[in-house]
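For reference, the structure discussed in these notes is given below.
The values are calculated or read from the model by the stated rules, or taken from the named source; none is laboratory data. Small disclaimer: the values here were computed from a predicted structure and weren't measured. Methodologically, a virtual Cβ is constructed for each residue, glycine included, from the backbone with ideal geometry; neighbour enumeration extends over all protein chains shown. Calculation scope for accessible area: heavy atoms of the full protein, side chains included, ligands and nucleic acids excluded. Shrake-Rupley method; radii C 1.70, N 1.55, O 1.52, S 1.80 Å.
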Protein chains: 2
Amino acid sequence: MQLPERVRIVEVSPRDGLQNEVVQVSTEAKITYIDLLSRAGLPVVEITSCVPAKWVPQLADHAEVIQSISRLPHVIYPVLVPNSRGFEDALAAGASAVSVIASASEGFSKKNSNCTIAEGLERCGEIIDRALTKGLAVRGYLSCTLGCPYDGEISVEKVRQVAAQLYQLGCPEIVLSDTIGVGTPGKVQAMIEAVAETIPIEKLAVHFHDTYGQALANILSALELGVAIVDSSVAGLGGCPYARGASGNVATEDLLYMLNGLNIATGVDLGKLLDAGNYICQQLGRVSRSKVALAMSEC
Amino acid sequence: MQLPERVRIVEVSPRDGLQNEVVQVSTEAKITYIDLLSRAGLPVVEITSCVPAKWVPQLADHAEVIQSISRLPHVIYPVLVPNSRGFEDALAAGASAVSVIASASEGFSKKNSNCTIAEGLERCGEIIDRALTKGLAVRGYLSCTLGCPYDGEISVEKVRQVAAQLYQLGCPEIVLSDTIGVGTPGKVQAMIEAVAETIPIEKLAVHFHDTYGQALANILSALELGVAIVDSSVAGLGGCPYARGASGNVATEDLLYMLNGLNIATGVDLGKLLDAGNYICQQLGRVSRSKVALAMSEC
């Protein structure tokens, strides 16, 4: 196996995880949690989303979260901004990094963002321009790269095309997302190989949900192609409202266990990560979905 | 990825799964379950273990199970036999295939079988001889190939050595087992490459527990080396009493989902497999640990 020597783990649980949780977590607890994550050595922590409260009540406190976390100098704290209004809110609150979102699926784009793929890309382009001008870090999600809950199969050619457009808009990092967790390793490699025809591999991240239990195997197959940026969520928090099953993102603890075993450097401390997971699971009153966390809590 | 065109799935839940379940399943339900499994297209179903009832009360009905299932002509139904006495019992009940068990770890061998590795191999050799003479199919488990709950790390050289000895005793199939699920893909490949120096790859099977969520990624890394026999357990039933955490074997449904996605033939019908999983989970009064089963049950 040819694998990268170092992987950058992007922790998405404060946004992609919490946005799907019914139990309302207090702003104070979110801030404590995010600070536990950054102090566990995670280099990137997506902290919230600037969306209207009526869409995602859990993240209504986004401005306060952006303002109140204790930022570490080398950690990047992206804020998801679904549109220009969200971008302005994030900027006003003091965000120094943002994530935008486009889709490889017309059906998903319509249902999730009420626009066509092309219109979504145009919105992204405007935000990317403004963000880069202001000196913000930017990452761009591309949803449904391995399947769509509405349109089913998405062709590799379509994914390649939309990813290339997003990259041409100046997006410095493209996050290839398996929004509903339907992918398997062969499809993952075929999709990434197609995308990598026009985008350098070091600009690509993967964001895989674990709905069908495939996420870690899919990540391994992405690492084998040289992908070195991987999204994950402590305790496997989250889940897509459009995906069947209860599963969220791949659990960061389980990802880290694999990377440690492969001698791939991450800078993340597993013990501190487990502490952060315990903290947020207590806040949510639920059991972790990380198998590593479950195994290591029973001695 | 270079992958096998066909994989033989060995279903171990009636033995390795049920032996760790506290809820006593009726003999009738076990027979119904095994028949559902064979009719789902599984080519090998390990049906029980001939152990004293005081060791494993759940499998005290082994003779009746061996005698009463409805055998399909092309399906192999191994019975685990930990010693010669168990082998005689299996033979008397009409078993046509057996599994023996050796260990790559002195500590595990002592605790689990009350003998040294060498003594365990000698026992295996006697059973293998008798079984082959009688025309039975035989597979040989090698436990703790990626770590031991007592001895910790087990060297690749030790695994290579013991596997080679088991093979030299005439064992036609060596089942490399991660008994406590601690392995990661790089270690899996290093171990298999070492073992494959002396044993043809087509004689090797893998049997991975999912304690740390690594099983499917580990299986993928084994497939990449050409391993084409994979053990798994419907609903992720089971778990080793010596392993931390609640996890059992890798779930057959999740394995099959990956193999289907990779266009690897198995002959197994996912729908029928899910039905079998629903049946046994109802008998046990518990929720499936297969993510595919969970995702596909919520429509």
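Inter-copy label distances at B:GLY170, 7 Å along the Cα→beta-carbon direction, one decimal in nm, shortest first?
Those separations, rounded to one decimal, come out as 7.6 nm.
Which of A:ALA235, A:ALA104, A:ALA60 moves most in a GNM of chain A, Cα contacts under 10 Å?
A:ALA60
Quote the charge dipole size of chain B about the Cα centre in Debye, to the nearest 20; the model charges only the Cβ of Lys and Arg (+1) and of Asp and Glu (-1).
Value, rounded to 20: 240 debye.
Kindly give the distances from B:GLU64 to its copy-mates, label point to label point, with each label point 7 Å from Cα along Cα→Cβ, as nm values to one decimal ordered shortest first.
6.3
What does the copy distance list look like for A:PRO200, label position 7 Å along Cα→Cβ, in nm and ordered from shortest?
Label-point separations across copies, in nm and ascending: 4.8.
At 1.4 Å probe radius, can you tell me the per residue accessible area of the protein assembly as shown in Å²?
36 Å²
Specify the residue with the greatest mean-square fluctuation among A:ALA29, A:ALA131, A:ALA97, computed from a Gaussian network of chain A linking alpha-carbon atoms under 10 Å apart.
A:ALA29
Give me a single rounded figure for A:252-261: the average over its residues of other chain Cβ atoms within 10 Å of their Cβ.
What the average comes to for A:252-261 is 4.
What percentages, rounded to whole numbers, describe P(r) for the protein assembly as shown computed over all alpha carbon pairs with 20 Å bin width beginning at zero?
21, 51, 24, 4, 0
From the C-alpha coordinates alone, can you work out the Kirkwood hydrodynamic radius of segment B:8-297, in Å?
This gives a value of 18.6 Å.
Evaluate the Kirkwood expression for the hydrodynamic radius of segment B:137-255, namely the inverse of the mean inverse distance over all pairs of different C-alpha atoms, and round to one decimal in Å.
Kirkwood hydrodynamic radius for segment B:137-255: 13.9 Å.
For the residue pair A:GLU202 and B:GLU122, what label-to-label distance in nm results when each label sits 7 Å from Cα along the Cα-to-beta-carbon direction?
It is 6.0 nm.
Once you keep just the Cα pairs under 8 angstrom separated by 6 or more residues, what percentage relative contact order results for chain A?
Normalised by residue count, the contact order of chain A is 21 percent.
By Cβ position, which chain A residue lies least far from the axis that rotates chain A onto chain B, and what is the distance to the nearest whole angstrom?
A:ALA217, 2
If you average the alpha carbon positions of segment A:158-196 and of segment B:54-112, how far apart do those two centres end up, in angstrom?
48 Å
Computed FRET efficiency, Cβ-Cβ of A:GLN24 and A:TRP55, R0 25 Å: what is it to the nearest 0.05?
About 0.95, to the nearest 0.05.
Quick one: with all protein chains in place, what share of the accessible area of the protein assembly as shown is carbon or sulfur, to the nearest percent (1.4 Å probe)?
So the carbon and sulfur contribution to the accessible surface is 50 percent.
In the Gaussian network model of chain A, springs joining C-alpha atoms below 10 Å, which of A:GLU253, A:GLU197, A:GLU122 carries the largest mean-square fluctuation?
A:GLU197
Which residues, if any, in segment A:1-18 have at least 30 Å² less accessible area in the whole protein complex than in the isolated chain, probe 1.4 Å?
In segment A:1-18, residues shielded by partner chains: A:MET1.
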